[in-house]
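Have a look at the structure below, then the notes.
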Amino acid sequence: MSNEMIINATDQESRVALVEKGTVSELYIERIRDKGIVGNVYKGKVVRVLPGMQAAFVDIGLEKAAFLYAGDVYISEKTGQLSAEQLHEIDDLEEGPEEDAVPASPEGSEAELREEGTKTSGPEALEKELPSFDEALPGEAPSGAALSVSEQMPKEGVPASPAPQKEYPREHRRFRVSRYMPPPNIADLLKEGQEILVQVTKNPIGTKGARLTMHLSIPGRNLVLMPSFGHVGVSRRIGSDKERRRLKDFIQSVCPPDVGVIVRTACEDKKPRVIKADLDYLLKIWREIEKDMLHAPAPYLLHEELDIVLRTLRDMFIDDIDRIVVDSKKEHKQILRFLEIFNPAFKRVVKFYKGREPIFDTYGIETEINRAMGRRVWLKSGGYIIVDQAEALTVVDVNTGRYVGKKNFEDTILKINLEAAREIAYQLRLRNCGGIIIIDFIDMERSYHREKVYRTFEEVLRKDRAKNSILKISELGLIEMTRKRTRESLIQTLCAPCFYCEGKGYLKNKLSICYEIFRELAKFEGDVAAKEMHLFVHPEIAKTLKEEEMEGLLKIEKMVNKKITVEAVPDFHIEQFEIKSWVEETKTG
């Protein structure tokens, strides 16, 4: 069966589903009113510098000031000032102090770029240290290193000298301080009122403003432009040394010396004219940003990231897609225009959907979405898995359900676990579960059965574009793994915490509520002022008090020596109750 990209676009939201051989493997949703700003480039104004936090707050025109950490500051030598890298050598440019202290944000919209390969020294080490943007997913903007502008604007004709980069082991990630220089002070790098060029790496969350970096990166289909690095890097996923050298030599011959470029995996075997067209497109965007930066007031939006549909087309490996089907005429024309620039050959696979039935219903995607929203997922054999998601933890439990097997117990357990392993890998990808994941398979006594289940699970996970790390299955049948957060999970995108249970996922049972009421009523013992009491409760609790717990209610009446009248209030929460006496003394629970 073919691989298809199904796009449902309306005025309210856009949904993109990747269907691999008839199975929905990935789903991306973006609502117009909640459209993120990750990847947007702004001319901002520093409104406050906090040396004690090594951070600054920058006005970029949003309701809340955005956050800029010292490690994300870059002052170009064009301005006559030292670069932040010369003062404070940084190994990891896209992560900040929040990620050091707490688990990664569930939003996950910031591109967290991975490094591969062994460490060396010199220019080759820098190439290995530069991130591979092929893992950036739709909804993200790769956050590599890039140029920022200080209060004074660049002088024309003066080339930028990229700061020297040093090599450090992975265990010394983030803010590695040079042994020869003290760490930089944010107050020495930025001043209040200073106008700077910044890019958003994380959307505002709750009371927190957006996260910024002064290291810009502009992604294209085949290349990523990194204006602050005068260096060319090639993705290590391109296995052929000959092809890597060809691409690197070609980019070096056509790329201006004042900018850097990362060659993405999608660039492999591409013709020079295609690569050059992509480079020209990115350089045009960068030159327009530079030009607007000179004249625009602060704050000002200089460059806006693509919407979810075009980001998906740009970032995903559409070479493996046989057909793109879209149900919106507007999006259909926009996609054709976009592909005309990035990959004209793929215009032929774009089809406009004319059916009367909603496109997601026709392709069975709506059913899969509803299935992925459930806590219990049934397997074809009759077994099932339970998926429970918390803030930074996902727990999956495998159960036999209705399946009783045919031969012996061990073979029954093995079959269910193998089927569950494939379904779990699929559900993790579809639901976009991130963080720590614990999978409780049914206990297997034979070690080679455990190994077979582990290998099956590992093999299926290779199709997942999100970075993951898996530990061997334990004696208890548990697999521990981590999966990189790339964006909000499906549950976080489509759901909100239950206002009834306030996100707990459970409620007090009726008897617990009744006994809590009895304890509150007992507090009125000895209160001579109150002659009669009215108890207001949810109808279900009123029914329980009058039927199952009538004897207990009569004992409480006798204890407090007052008549108690129970009244049902349909609008009450089932756990809510209110006690009133005729003198208006009130207690609420």
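Okay, here's what the table says:
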{"quantity": "Residue in the range 532-555 that is surrounded by the most Cβ atoms within 10 Å (Cβ to Cβ), counting only those that are over 54 Å from the mean Cα position of the chain (by Cα) and at pLDDT 90 or above", "calculated": "Lys555"}
{"quantity": "Filter result for Lys562 (surrounded by 14 or more Cβ atoms within 10 Å (Cβ to Cβ), under 30 Å from Ile439 (Cα atoms) and in contact with a strand residue (DSSP E or B) (Cβ under 8 Å, 6 or more places away or on another chain))", "calculated": "no"}
{"quantity": "Hey, Gln194 modelled with pLDDT of 90 or more and surrounded by fewer than 22 Cβ atoms within 10 Å (Cβ to Cβ) or not", "calculated": "yes"}
{"quantity": "Filter result (assigned to a strand (DSSP E or B), more than 19 Å from Gln427 (Cβ to Cβ) and not acidic (Asp, Glu)) within the range 17-40", "calculated": "Arg31"}
{"quantity": "Count of residues meeting criterion [buried (at least 16 other Cβ atoms within 10 Å of the Cβ) and in contact with a strand residue (DSSP E or B) (Cβ under 6 Å, 6 or more places away or on another chain)] in the range 400-416", "calculated": "0"}
{"quantity": "Test: residue in the range 254-261 that is buried (at least 18 other Cβ atoms within 10 Å of the Cβ) and either in a helix (DSSP H, G or I) or small (Gly, Ala, Ser) (or both)", "calculated": "yes"}
{"quantity": "Subset of the range 361-378 [over 17 Å from Gly22 (Cα atoms) and either of a type in the set (D, E, K, R) or buried (at least 16 other Cβ atoms within 10 Å of the Cβ) (or both)]", "calculated": "Arg375, Arg376, Val377"}
{"quantity": "Verdict on Lys380 being part of a loop (DSSP other than H, G, I, E, B) and among the basic types (Lys, Arg)", "calculated": "yes"}
{"quantity": "Residue among Arg273, Arg237, Arg221 that is without any contact (Cβ under 8 Å) to a residue 12 or more places away in the chain and either assigned to a loop (DSSP other than H, G, I, E, B) or not assigned by TED's automatic domain parsing to the domain that holds His332 (or both)", "calculated": "Arg273"}
{"quantity": "Flag if Glu26 is under 22 Å from Phe352 (Cα atoms), in contact with a Ser or Thr (Cβ under 6 Å, 6 or more places away or on another chain) and at pLDDT below 90", "calculated": "no"}
{"quantity": "Enumeration of residues in the range 352-372 that are over 25 Å from the mean Cα position of the chain (by Cα) and of a type in the set (S, T, N, Q)", "calculated": "Thr362"}
{"quantity": "Test result for Val259, of a type in the set (Val, Ile, Thr) and under 30 Å from Gly193 (Cβ atoms)", "calculated": "yes"}
{"quantity": "Leading residue by the ranking (modelled with the lowest pLDDT) among those in the range 301-319 that are under 24 Å from the mean Cα position of the chain (by Cα) and farther than 30 Å from Ile196 by Cβ", "calculated": "Phe317"}
{"quantity": "So Ile436, is it surrounded by 19 or more Cβ atoms within 10 Å (Cβ to Cβ) and either modelled with pLDDT of 90 or more or not in a helix (DSSP H, G or I) (or both)", "calculated": "no"}
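Here's the yes/no breakdown for (1) in the same structural domain as Leu379 (by TED's automatic domain parsing); (2) over 30 Å from Asp571 (Cβ atoms); (3) part of a loop (DSSP other than H, G, I, E, B); (4) touching a helix residue (DSSP H, G or I) at 6+ places or on another chain (Cβ under 7 Å):
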{"residue": "Ile413", "(1), (2), (3), (4)": "yes, yes, no, no"}
{"residue": "Arg422", "(1), (2), (3), (4)": "yes, yes, no, yes"}
{"residue": "Val460", "(1), (2), (3), (4)": "yes, yes, no, yes"}
{"residue": "Gly505", "(1), (2), (3), (4)": "no, no, yes, no"}
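The values are calculated or read from the model by the stated rules, or taken from the named source; none is laboratory data. Predicted model, so just to flag it, every value in this text is computed and none were measured. Cβ sites come from the backbone with ideal geometry, for glycine too, and all protein chains shown count toward neighbours.
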